[in-house]
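The values are calculated or read from the model by the stated rules, or taken from the named source; none is laboratory data. The structure presented is a predicted model; accordingly, all values stated were derived computationally and were not measured. FYI the Cβ positions are ideal-geometry reconstructions off the backbone, even for glycines, and counts take in every protein chain you see. Keep in mind that these areas ignore ligands, DNA and RNA; they rest on the heavy atoms of the full protein, side chains included. Shrake-Rupley method; radii C 1.70, N 1.55, O 1.52, S 1.80 Å.
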Amino acid sequence: MFPFSSIQAYQNSLSSGIVTCVDTVTHYLQQIGNNQQLNAFIEVFADEALEAASLLDEKRKQGKPLGKLHGVVVAIKDVICYNGHKVSAASKMIENFTSIYHATAVEKLLAEDAIIIGRNNCDEFAMGSSSENSAFGVVKNALDESRVPGGSSGGSAVAVQAGMCMVSLGSDTGGSVRQPADFCGIVGLKPSYGRVSRYGLIAYASSFDQIGIFANTIEDAALTLEVIAGVDDYDSTVSQKEVPSYAALLDSDNKKYKLAYFKEALENEALDAEIKQQILSFIALLKAQGHTVEPINFEWLDYVVPTYYILTTAEASSNLSRFDGVRFGHQTAQKNIDLTELYKASRSEGFGKEVQRRIMLGTFVLSSGYYDAYFTKAQQVRQLLYQRSKEIFADYDAIISPTVPATAWKFGEKSDNPTAMYLADIYTVFANLVGIPAVSLPLFKHSNSMPFGLQVMCSHFEEVHLHQLSKVLMHLK
Amino acid sequence: MAFFIAFIYSNNKFTTSPLLLSLQIEMTNISDKYETVIGLEIHAQLQTQTKLFCGDSIAFGAAPNTHVSPITLGHPGTLPKTNKVAVAYAIKMGLACNCKIERDNYFARKNYFYPDLPKGYQISQHTTPICVGGYVTINTSTGQKNIELNRIHIEEDAGKSMHDLDEQFTCIDLNRAGTPLIEIVTEPCIHSSDEAFEYVSEARRLVQWIGVCDGNMEEGSLRCDANISIRLKGATTLGTRVEVKNLNSIRNVKKAIEFEVQRMIEIVENGGTIIQQTRSFDASNDTTFSIRDKEDANDYRYFADPDLAPFHLTESFIEDIRKSLPALPLQLIQQFQQSFGLTIYDANNLCADTATAEYFLEVSRYSTHYKAIANWMLGPIKQQLNETAKDFSTLLLLPQTLAELIAIVEAGKVNFSVASYKILPELLNGNNSPLAIAEAMNLLQVSDTKELERWIDEALEGMPDKVAEYKRGKKGLIGLFVGEIKKISKGKADPKMVTTLLQEKLK
């Protein structure tokens, strides 16, 4: 049975009795124990996972109907609420905060018999591209422990990468699922904005955030998405659109695709030469297979990162206001201080440096006198990008690009240069700015022996096409 | 600007002869030089079942922090979801005030830190209100006036901070946090404390009338902030304004304005400058005091709340609300005057609330003695209701029963005072037959001539001197005789017939 290959194969083994859920959880707990140095988990729910596994084994024995994710071992990024469990956002601010409700995605996972094995380390409040900004220490890339796993969902990526779970949930605000998937050599799927309920996902930037999925295969990602997607009474931004049976709709019937890539993206000087070369070869291969791949102009590439950081930090500055040390979370130990000082001290002590940087940046861009020059302007750019995406998808099935301009970097390499770190998001933020689904597929290996991915983006709510095309691309090489 | 105007004015003073000036000051009240300009903001809590963005109850008076879901508490990961009923109520008030209803709406965040504001921002519609323009008509001493509205918008209430419950701590109750409010904002078009008083009374009657708010100012369901400035009469620009917050009675609105206007006039008259401030009203001595200056004002960093999808209102949604609106008080007051011949005073009082107006209309189906209905309702019945703190909606006295009572009084079968003191209390306890009560209690007026003449004779025999005086020409004494006969008959003698018979007898 192990190493794990796919959910379907695993569930076949379960039904034929080759393996049980308890065996499986035991295996993953061992894997987690063997890989503690990677620091992918903030907490492991060992006893509880074993108990859930034995209940599922019992259920199967009794011949009861089984959930779509029956026995699937899932890890969740520590920004997703799981009733009765701590949820820390990898921050000292809410280090000991226990959620009193389930995130909708978690509720759906559990309703389909998934087993939640633990909560994953990440960048604090999902702010970062390297998983170095955690109050619980850095996460290490299992392929090279001197390198970062990417971020912000680094722990969730490594959990799948190192075989510590079957699939995991992350959150993707500007690339936080696709970029670590690229660095770790796995599949990372960010659904359309509004596809998955955000209820119970600790907000970074509400109009960008989506829960995303890490998996070994596109099939597993599609099945997981099918389970967690859909309407939710608790999220008014979630789409009313019906959820197709993604897992059953993976076959494209030899369709020949019409794909676009941004000329400026491949000509960008920040792009690693070898990544560029391999992508170009891949494009040639696609063409040879009868697909159409064309360069298109995207003159606004330089604006996407600034626009993204203005808008996300603005939203974050407001979203994180509730962490004020009054009702929950870290409160300063200083005594006899006035209310303003209490806020200042609690927040300065509770939030890490990057979170503070983004709160201040966001507060600045929303301040009177600067509002129009930054926030309003960035909203206008976002609107233009949205229109541009509509135009592109009127002509093309998908846009392809590298996921990240470079492979996983070494720890500390970019820590002192936030702008350089932000620019690593150049290819991923577009999908969040316009709300389209995107995936990073683990297709390539660099001569430095690190993996890297191909990003594929489709039009709004065209996940079925995205999955089908991904499957074609995964089997092309 | 106020400073600028004051400066020109003082220049004028020196060009006027001192003698003339002192005469002027003696002859005209100083305050007559100034015009008061007031804009009012009324916060009305909507009478929905649940909060604006979650399912928690908004019932008043629950134990502290019991109506608090993770959403109200602002727990990480929670999201708001708009209560449609609250939106409908806001539209209802907008339609009642002749506002334009905005079809495309969104909510914005008003960001500031305060312990009773769980999310660190308030969800509001500050810059994009759902209702625009409109007006509320008030009665003034010089006739009706339309108080123009700037807007009505929806927002959520904050929790309650109680600073005096504990010596050491401020106590916070988040039950109120997230309660739906509408903020009704006037243009700066109110020019006296009396107008302000009338406007708040009318706005309060309106929200209660259409059923969107209970109007209870003591419990804080309706609160008022006043923006006050003064300027020299004839000036076209506004003076520096002061905002007086949290006025929790209509009287306090009036008192606060009066104090504030006087304070401002004194400052300007003494050559000072009014500073833009937020002040609070102290009801113990009817004064105001500063809470903060303009420099301390927050930058609220409004932006569209990304957690709430923008919402579009369809024509049919708005039309359905329009159809659900009852006849409004001013329409009804007019109808009461025109159709029933009532005075504006009675009509207005009968339209104090929907229950009273509906009760009147119901009685008018059974009786055409409209003035009598008004007198009964606003006199003895109202008095009884006030004593028992009830209102017309819970009255046991059926409208047709009141009509019957009025009928027997008007027919002279019982007199008014007997009817109100003896029969009415029985009816208010649920007895439905005034005539039967009158019979059982032996209260029917006697119009049998023989019986009446016996009482008349008895009375006149008892005061021969007065009879003699009457006959000498002191005709006014007839009232005394009637009164005496009433006493002897224990109220049963029909006064009209007694008078006629007396006049005959004493000829």
Condition check: within 32 Å of the chain's Cα centre (by Cα) and basic (Lys, Arg). Does residue B:81 satisfy that?
no
Condition test on residue B:57, is it within 14 Å of another protein chain (Cβ to nearest Cβ) and free of Cβ contacts under 8 Å to residues at least 40 places away in the same chain?
no
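Looking only at region B:99-123, filter to residues that are open to solvent by 40 Å² or more (accessible area, probe 1.4 Å) and out of contact with any Cys (no Cβ under 9 Å at 6 or more places or on another chain); which one of those is nearest to the other protein chains (Cβ to nearest Cβ)?
B:113
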Examine region A:69-83 for a residue that is within 21 Å of the chain's Cα centre (by Cα), away from chain B (no Cβ under 14 Å) and part of a loop (DSSP other than H, G, I, E, B), and state whether such a residue exists.
yes
Across region B:465-504, the tally of residues that are over 24 Å from residue B:413 (Cβ atoms) and open to solvent by 80 Å² or more (accessible area, probe 1.4 Å) stands at 6
Look at residue B:248 and say whether it is at pLDDT 95 or above and in contact with a Gly (Cβ under 9 Å, 6 or more places away or on another chain).
no
Quick check on my filter: what residues within region B:371-397 are surrounded by fewer than 19 Cβ atoms within 10 Å (Cβ to Cβ), within 22 Å of residue B:410 (Cα to Cα), free of Cβ contacts under 8 Å to residues at least 40 places away in the same chain and touching a helix residue (DSSP H, G or I) at 6+ places or on another chain (Cβ under 6 Å)?
B:378
Tabulated pairs, region B:311-340, first within 22 Å of residue B:81 (Cα to Cα) and modelled with pLDDT under 95, second hydrophobic (A, V, I, L, M, F, W, C) and outside any helix (DSSP H, G or I), C-beta under 9 angstrom, 6+ apart or interchain:
B:311/B:107
Of all residues making up region A:303-360, the number that are more than 27 Å from the chain's Cα centre (by Cα) and in contact (Cβ under 8 Å) with a residue 24 or more places away in the chain:
2
Taking the conditions exactly as written (surrounded by 16 or more Cβ atoms within 10 Å (Cβ to Cβ), in a loop (DSSP other than H, G, I, E, B) and within 20 Å of the chain's Cα centre (by Cα)), does residue B:215 satisfy them or not?
yes
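Can you list the strands (runs of 3 or more DSSP E) found entirely within region A:366-477 that contain at least 1 residues being open to solvent by 40 Å² or more (accessible area, probe 1.4 Å)?
A:438-445
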Specify which of the listed residues (B:340, B:311) is more than 14 Å from chain A (Cβ to nearest Cβ), open to solvent by 20 Å² or more (accessible area, probe 1.4 Å) and over 19 Å from the mean Cα position of the chain (by Cα).
B:340
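Let's see how each residue does on (1) open to solvent by less than 30 Å² (accessible area, probe 1.4 Å); (2) closer than 21 Å to residue B:320 by Cα; (3) more than 14 Å from every other protein chain (Cβ to nearest Cβ); (4) β-branched (Val, Ile, Thr):
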position: B:62; (1), (2), (3), (4): no, no, yes, no
position: B:125; (1), (2), (3), (4): yes, no, yes, no
position: B:134; (1), (2), (3), (4): yes, yes, yes, no
position: B:139; (1), (2), (3), (4): no, no, yes, no
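Yes or no, residue by residue, for (1) surrounded by fewer than 22 Cβ atoms within 10 Å (Cβ to Cβ); (2) away from chain B (no Cβ under 14 Å):
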| site | (1), (2) |
| --- | --- |
| A:299 | yes, yes |
| A:302 | yes, yes |
| A:305 | yes, yes |
| A:321 | no, no |
| A:326 | yes, no |
| A:336 | yes, no |
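What do you reckon, is residue B:300 within 14 Å of another protein chain (Cβ to nearest Cβ), open to solvent by 50 Å² or more (accessible area, probe 1.4 Å) and out of contact with any helix residue (DSSP H, G or I) (no Cβ under 8 Å at 6 or more places or on another chain)?
yes
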Here is a list of conditions, (1) over 24 Å from residue A:6 (Cα atoms); (2) in a loop (DSSP other than H, G, I, E, B), and residue A:280 meets all of them except one; can you say which number that is?
(2)
Under 9 Å between Cβ atoms, which residue pairs at least 6 apart in sequence (or on different chains) link something in region A:133-144 that is in contact (Cβ under 8 Å) with a residue 24 or more places away in the chain with a partner that is of a type in the set (A, V, I, L, M, F, W, C) and open to solvent by 30 Å² or more (accessible area, probe 1.4 Å)?
A:134/A:42; A:136/A:42; A:138/A:411; A:140/A:411
Name the residue that is farthest from the other protein chains (Cβ to nearest Cβ), counting only residues in region A:208-263 that are touching an Asp or Glu at 6+ places or on another chain (Cβ under 6 Å), surrounded by 21 or more Cβ atoms within 10 Å (Cβ to Cβ) and assigned to a helix (DSSP H, G or I).
A:246
